1. Tell me yes or no: at least one residue of segment 136-156 is part of a strand (DSSP E or B) and over 28 Å from residue 51 (Cβ atoms).
2. For residue 76, which of the numbered conditions (1) part of a loop (DSSP other than H, G, I, E, B); (2) touching a strand residue (DSSP E or B) at 6+ places or on another chain (Cβ under 9 Å) fails to hold?
């Protein structure tokens, strides 16, 4: 009787697993059964953030839940994705996309700065990464502006908030 070595044991186990898995993997291989739509669509709750006429330079809020800090910014000039009477109001998650550290908004430079790993995000260009460890833009809070009331409402999130598999937490 020959001795089974560790190497031979794992080789045999791998071959056995492959032999069992091959027919199972072929069950869903037909092109008709495959779906090309892999997007997950969430219904975001609408949340009134502010009124455009009474808005100062910035306003902190949470969205889409109480564990997601955000900042509404009222720029002097129109910006990409801006809403309001002058297309100058935007909002972003304030959690850095690199490691989830809180960012601070620098109103003089119009950027968000992460002091953990020195990432910088441009608030006038859709939260685009300007420099640093982060590789994803800040998640942008999608806003709706009601001309009749002047209300600015959060209606969705573009991008994934740090630490989430989706932008909702099951409570």
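The numbers here are math on the coordinates, done by the rules we state, and not lab data. Bear in mind the structure is a predicted one, so any value in this text is a computation, not a measurement. Don't worry about glycine lacking a Cβ; one is built from the backbone with ideal geometry, like all the others, and counts go over all protein chains shown.
1. no
2. For residue 76, the failing item is (2).
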